[in-house]
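One structure is given below, encoded as structure tokens.
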Amino acid sequence: MDFSPVVTPPLDLVFRPAVLWNRAFSRIVAESGNPVPVRFALEQTDGLVLHQETEVLPAEHPSSLLNFRFAERLLKFLLWSAGGPRVYFDGPPELGEALCKHFEDTTTGRFDAAFIARVYEKPFEVILTSDLPAERSSAKALGRHLEGNRIGFDLGGSDRKVAAVVDGEVVFSEETSWNPYHQEDPNYHRKGIAESLRKAADHLPKVEAIGGSSAGVYVDNQPRVASLFRGVSVELFDSAVKPMFRSFGKEWGVPLEVINDGDVTALAGSMSLGENAILGLAMGTSEATGYVNAEGKVSGWLNELAFAPIDYAEQAPVDEWSGDRGCGAQYFSQQAVGRLLPPAGIDLPDDLSLPEKLVETQNLMARADPRARKVYETIGVYLGYGAAHYADFYDLRNLLLLGRVTSGEGGQIILEQAKKVLKVEFPALAEKIAFHVPDEKDKRHGQAIAAASLPSIER
């Protein structure tokens, strides 16, 4: 099956975009003359039910072995984009049984199942049935509350940001480096967050609300799974991390809301641009994504696209956490930059951290080093094909790019290459999707204002 990209990433000649694989497979299915319908329903605990309908090859077709690859990758993307602990499958029984075995018997399948179960605090299951629950949306209007004296914070893998906001205007902001990923003691995180909140409060006449964004999955102001706390044991996570943000709200005596940083990124973009149907994509320590729908609401989806596959190459890079190949974090993050340095011929000391390697790459780019340019060109090609793939699952009219990887001239190269891919391979999408890069003021303050706007203040 031929699904080679027309635009080849210069440092990744084996890259095979998921969007092209899926389209090639769909053509084979259509040409078979006997497509077999398949239906998925993903059910969340809050009542959201997402439907996805597709088709696969009949069992007697010589390429029918491709059915599992197609269905498994599709379902994985749905799990990490929409989410839900219960999957209903209506299709060929042998295909449904193979999917069940995948989540029971393979390392990557078990990781996905365990992660989803932890997010929703409910066992993950795949149910084979023709009786699917009705589709239901649970999109919510969040944020956009600007009145009063507020604190907004954002917790990333290499720094934490905080701002004091008065009636929608930032009066103080600070960025503090930290290293939360491998800290075993949750007091490290608590003390750091508490320090940032105190500094912001010192610049307000009073604190009336606190809103925050953080990498990970948050439900009812509780982190269910969060990379920031990956070094914390399960026992300490449950006892000290899950209640952490609720306890901050009680300590300050104000409404506090914290949600996934990707959703706040999308909300910030929507508020700044006055646009909806927007996917925010932050290329930071990992990939953070969020989505605001056409009505300006947050969808209720997981939007953990760092774990969602975009590359179906057999030699695709392995995700350090899930162990799966071709996941977004390896393509849209500092991890991508670090991975591409050796093939670019850039030799940096092994003991440099990913943020330090990014700085060195940016310095090379500032000196017009052609090796650094190839790093950014490669990520740009990834983004073009990745955006087309995302557009198959999201009503995508605006793509907002943020994160340190997109800073400076390198960010412009990424943008140019992504647009080139869409123009060459997906002309209809090139006309539909507008790319946005926030200005320096929005970069510094937009996320903080959007985070601060999350809670409503009762007067």
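What follows is calculated from the coordinates using simple rules that are stated; it is not laboratory data. Not measured: the values here are computed from a predicted model. We place every Cβ from the backbone using ideal geometry, glycine too, and count neighbours over all the protein chains shown.
First measure r as the distance between the Cβ atoms of LYS199 and HIS51, then evaluate 1/(1 + (r/R0)^6) with R0 = 35 Å and state the FRET efficiency to the nearest 0.05.
0.15
Can you give me the distance in nm between label points at LYS432 and GLU356, each placed 7 Å from the Cα along the Cα-to-Cβ direction?
Between LYS432 and GLU356, the simple spin-label model gives 4.5 nm.
In 10 Å bins starting at 0, how do the alpha-carbon pair distances of region 102-162 split up by percent?
14, 21, 31, 21, 12, 1
Would you calculate the convex hull of the Cα atoms in the chain and tell me its volume per residue in Å³?
Cα-based convex hull of the chain, divided per residue, equals 143 Å³.
Report Rg/Rh for region 268-390, rounded to two decimals, where Rg is the Cα radius of gyration and Rh the Kirkwood radius.
Computed over Cα atoms, the ratio is 1.01.
Helix 354-366 versus the longest principal axis of the chain: what is the Cα-based angle in degrees, 0 to 90, to the nearest 10?
Value to nearest ten degrees: 90.
Estimate the FRET efficiency between SER247 and THR106 by the formula 1/(1 + (r/R0)^6), using the beta-carbon distance for r and 35 Å for R0, to the nearest 0.05.
It comes to 0.35.
Take every DSSP beta bridge with both residues inside the chain and express the antiparallel ones as a percent of the total, to the nearest 5.
65 percent
Please list the three semi-axes, largest first and in whole Å, of the ellipsoid equivalent to region 337-446, using sqrt of 5 times the eigenvalues of its alpha carbon gyration tensor.
The equivalent ellipsoid of region 337-446 has semi-axes of 26, 17, 12 Å.
Can you run phi through the Karplus equation (6.51, -1.76, 1.60; θ = phi - 60°) for region 79-88 and list ³J(HN,Hα) in whole Hz, with x for Gly and Pro?
With the stated coefficients, region 79-88 comes to 5, 8, 8, 8, x, x, x, 10, 10, 9 Hz.
Loop only per DSSP, at most 10 neighbouring Cβ atoms within 10 Å: give me the chymotrypsin sites (Phe, Trp or Tyr not before Pro) in region 383-459, ordered by residue number.
none
In Å and on Cα atoms, what radius of gyration and Dmax does region 215-335 show?
Rg, Dmax (Cα atoms, Å): 16.0, 53.
Work the Kirkwood hydrodynamic radius out for region 1-125: mean of 1/r over every pair of different alpha-carbon atoms, inverted, in Å.
15.8 Å
Using a 10 Å cut-off around each Cβ, can you sort MET1, MET283, MET244 from fewest to most neighbouring Cβ atoms?
MET1, MET244, MET283
What FRET efficiency would be calculated for the residue pair GLU147, THR176, taking the C-beta separation as r and a Förster radius of 30 Å, to the nearest 0.05?
That gives a FRET efficiency of 0.65.
Compute the distance from the alpha-carbon center of region 221-248 to that of region 44-111, in whole Å.
Centre-to-centre distance over Cα atoms comes out at 30 Å.
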